[in-house]
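The values are calculated or read from the model by the stated rules, or taken from the named source; none is laboratory data. These figures come from a predicted structure and were not determined experimentally. Cβ placement follows ideal geometry from the backbone for every residue including glycine, while neighbour counts extend to all protein chains displayed. These accessible areas exclude ligands, DNA and RNA; they are computed on the full protein's heavy atoms, side chains included. Shrake-Rupley method; radii C 1.70, N 1.55, O 1.52, S 1.80 Å.
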Amino acid sequence: STVTPLLELRDLDVAYGGIRAVRGLNLTVNRGELVCLIGANGAGKSTTLRAICGLVPRAGGDILYDGRSIAGVPSYLLVREGLVMVPEGRGIFGQLTIEENLAMGAYSRRDIEQIRRDTEHVLEIFPRLRERLKQSAGTLSGGEQQMLAMGRAMISRPRLLLLDEPSMGLAPIMVDKIFEVIETISNEGVTILLIEQNAKLALEASNRGYVMESGRMILDGPSQQLLDDPKVRAAYLGEE
Ligand code: ATP
């Protein structure tokens with residue numbers, strides 16, 4: 001295709017000291033897509049995400065964002081370009097209120113009126129946050145903290161949203177709610193790369209999927225095709 005992908009990993013290698021956690025990884029995310037990256041514990045999913053965000057250096061290969069290499073570009077500059085991660089463990093500020101945490105999402109923006117409208121929009125999506133604006137974020141439940149982290153990311157106006165295990169540690173009902181919101185955000189036009197251990201949910205929510213094993217990509221395709229794949233079913237969906 002002549003259309004430049006929003007994100008492209010080309011033969012990406014990432015190492016921690018002598019241990020190569022990610023090897024020769026190729027992945028693309030096109031504008032408007034919701035793409036998932038699944039794999040077992042320790043497969044290298046989080047490492048891949050951290051490398052995209054400039055949080056760990058790459059040992060080889062390249063990372064292209066909107067057609068331009070971003071290898072070595074620090075995270076804070078990538079955030080300004082709309083490449084925003086919601087980390088595993090969420091990275092919220094427990095001592096600050098919900099309102100203050102949301103305001104942090106807008107720190108690189110100056111358009112006060114638009115920030116106000118975006119904040120209002122986030123509070124419509126997450127009414128639970130509106131009820132608790134003055135509460136300190138550290139007192140929120142796990143699911144509420146995930147909502148706050150996603151809301152904050154949205155206020156930074158992402159072009160590419162990277163979600164690291166949004167279902168981690170949440171009660172099933174909260175997981176359903178978070179996935180509803182992921183689909184809402186996607187339908188609003190935000191491009192999303194989703195890392196998940198819950199392969200079934202991730203594949204059901206996404207357009208395309210990639211499967212990692214021991215640092216390598218072993219399979220990719222339309223999510224429905226992966227859901228129907230006997231190997232995926234046996235290894236990742238807990239079926240015979
Ligand atoms: P999980 O779902 O359990 O988080 P993952 O697929 O995200 O797994 P990674 O966290 O990327 O996997 O880990 C990939 C490999 O890199 C693992 O073997 C892990 O032990 C190793 N690793 C991760 N972070 C570091 C680090 N800071 N230093 C050394 N090794 C690391």
What angle do you read, to the nearest 10 degrees and between 0 and 90, between the alpha-carbon axis of helix 142-155 and the longest principal axis of the chain?
90 degrees
Taking N as the residue count of the chain, its alpha carbon Rg divided by 2.2 N^0.38 Å gives 0.99
Can you compute the helix-only [θ] at 222 nm over the chain? Use -39500 (n - 2.57) per DSSP H run of at least 4 residues, normalise by all residues, nearest 500 deg cm²/dmol.
-10500 deg cm²/dmol
Arrange the residues Glu165, Glu204 by how much accessible surface each exposes, largest first, with a 1.4 angstrom probe.
Glu204, Glu165
Over the range 91-183, what is the relative contact order in percent, taking alpha-carbon pairs closer than 8 angstrom and at least six residues apart?
38 percent
Of the heavy-atom accessible surface of the range 86-204 (probe 1.4 angstrom), what whole percent is carbon and sulfur?
52 percent
Tell me, how many Å apart are the Cα centres for the range 15-77 and for the range 117-194?
23 Å
Based on the Kirkwood radius over alpha-carbon pairs, what value in µm²/s does the Stokes-Einstein equation return for the translational diffusion coefficient of the range 119-205 at 25 °C and 0.890 mPa s?
184 µm²/s
Would you kindly give the portion of the calculated P(r) for the range 94-151 that falls above 13 Å, as a percent of all Cα pairs?
56 percent
Run down the lysines and flag those whose C-alpha is under 24 Å from the C-alpha of Lys177, throwing out any fewer than 8 positions away in its chain.
Lys45, Lys134, Lys200
What net charge do the residues around Asp13 carry, taking every other residue with its C-beta under 12 Å from that of Asp13, with Lys and Arg at +1 and Asp and Glu at -1?
+3
If the label point is 7 Å along Cα→Cβ of Ala59, which residues in the range 15-44 have backbone nitrogen under 12 Å from it?
15-25
Taking amide H positions as placed in the peptide plane 1.01 Å from N, state which residues far from Leu219 in sequence (5 or more) or on other chains have amide H under 5 Å from it.
Val211
How many Å² of accessible area per residue for the range 1-74, probe 1.4 Å?
43 Å²
Please work out the Cα convex hull volume for the range 29-156 and give it in Å³ per residue.
136 Å³
